[in-house]
Amino acid sequence: MSSNIDKIFIARLIGLDVFDPLGDRLGRLRDVVVLMRGSSRYGRSSRRPLVVGLVVEVLGKKRVFVPMTRVTSIDADKIISTGLVNLRRFEQRGAETLAVGEVFDRTVVLRDGSGEATVEDMAMERKRNTGDWLITQLFVRRTGTGGGLMRRRNETLIIDWEDAGDPSAAGHQPATQWVASHEEQQPADLADEIHDMSAKRMLEIAHELQDDRLADVLEELPEEDQVYILTNMARDRAATVLEEMEPDDAADLLNELPDAQAEELLALMQPEDAEDVRRLLEYEEGTAGSLMTPVPIILPPEATVAEALAHIRQEEVSPAVAAAVIVSRPPLETPTGKYLGMVHTQKLLRYPPPEAVGNLIDRSLEPVSDLASLQDVARELATYDLTIIPVVNDHDRVVGAITIDDVLDALLPEDWRTADDGTPIRKVGKRYE
């Protein structure tokens, strides 16, 4: 290996681009895989972990394993490999440990008796005689006082690996640093990473995420993971997270719980949020009513283009819902007054701000019934190239709207989130205990 650096802290590498020898980008570094090797022959301390490879995110957000034997150079701004990459999804094996995912944020006991500290970074160092990379040092922050007046809480220091207890053997692991290092990731990508972790680590990360962020991530996780996380958090927080979820996703999740448990959570939710979810739960599974969102953008005919675009620009409105506004007679809360029609966002952009949306209605498109089948809804969306379609009841009142992502979620196989070219994402042997 012709690396320009013989020692580097791992946190500085995360996010760097990985290139082949010709300069073509292979992906981005997401974690470092180390092999824990137990105690030394004298029993005093753990042998230094061996760095065995990198977890690289390649095209399609897939994470693959690149052995250190194929890494030819590590610099402060890039990593170069031989270019030979096995595109099979990375899965941990045996004593392999993820540096960022499983060691950062762990609490260790300092062997000098001065107390405990939290691991914030790890240094890896290349042995010149063999070319192997080993974990040699830890960057830690003290979590308590001890060992005299000079030992202060929050003091940071660099210690040798041998001067701390094995962090991989510690108990509870906060996820503060892990969450901070992933704050820019999309919820779907974050869910993909979390899904591939142990059940214990999944809960630790869920505990650290903000309620709205956790809600977004839950919507992207398989039902099994959703239920496990929700049922292993405090009831009050679980209800708050459900309030932050889209009503249709919250209803789908509650449908997976025992009736008594679902009712308990609904009772803890804000009444208006719970009401939206309860209405969805009344519909038979597989109908338009069970799939729809009950809170699309609904405006009266006299509303202007400027008002419509202001609603569309709201941050909490998803791209699919923002594709069109629904026009109806008051009241505008679902179920509304008489349905009048729909105006596509693209059409709104072609008219002056003062124009009334009632003058722009596309009257050629019919809404679907709340009792329509999934197949009927999918056929309508496909026939007219729509990303959203209004849903009405038998009195022609708007009760919601169905977006293309709702239909895809329902049509795809149940395990679509866990399958990738036939390769399971979940680690073998993962259990919820």
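The values are calculated or read from the model by the stated rules, or taken from the named source; none is laboratory data. What you are looking at is a predicted structure, and each value in this text was computed from that prediction instead of being measured. In this analysis, Cβ positions are derived from the backbone assuming ideal geometry, glycine residues included, and neighbour counts consider all displayed protein chains. Heads up: the accessible areas ignore ligands, DNA and RNA and are worked out on the full protein's heavy atoms, side chains in. Shrake-Rupley method; radii C 1.70, N 1.55, O 1.52, S 1.80 Å.
Numerical summary
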{"quantity": "All positions within region 173-200 that are more than 18 Å from R89 (Cβ to Cβ) and either in the same structural domain as V140 (by the TED database) or touching an Asp or Glu at 6+ places or on another chain (Cβ under 8 Å) (or both)", "calculated": "Q173, P174, A175, T176, Q177, W178, V179, H182, P187, A199"}
{"quantity": "Residues that are in a loop (DSSP other than H, G, I, E, B) and of a type outside the set (A, V, I, L, M, F, W, C), drawn from region 8-22", "calculated": "G15, D20, P21"}
{"quantity": "Positions within region 273-289 being hydroxyl-bearing (S, T, Y) and either closer than 22 Å to V317 by Cβ or in a loop (DSSP other than H, G, I, E, B) (or both), in sequence order", "calculated": "Y283"}
{"quantity": "Residue list for region 299-341, restricted to those being part of a strand (DSSP E or B) and open to solvent by less than 30 Å² (accessible area, probe 1.4 Å)", "calculated": "L299, A324, V325, I326, V327, S328, Y339, G341"}
{"quantity": "Some residue of region 34-46 being open to solvent by less than 40 Å² (accessible area, probe 1.4 Å), under 29 Å from the mean Cα position of the chain (by Cα) and modelled with pLDDT of 90 or more", "calculated": "yes"}
{"quantity": "Subset tally (residues that are surrounded by 19 or more Cβ atoms within 10 Å (Cβ to Cβ) and either without any contact (Cβ under 8 Å) to a residue 60 or more places away in the chain or under 20 Å from A180 (Cβ atoms) (or both)) for region 115-136", "calculated": "6"}
{"quantity": "The listed residue being farther than 27 Å from L13 by Cβ and open to solvent by 60 Å² or more (accessible area, probe 1.4 Å), out of E223, E184", "calculated": "E223"}
{"quantity": "Test for D248: is it at pLDDT below 95, in contact with a strand residue (DSSP E or B) (Cβ under 6 Å, 6 or more places away or on another chain), outside the structural domain of V33 (by the TED database) and not β-branched (V, I, T)", "calculated": "yes"}
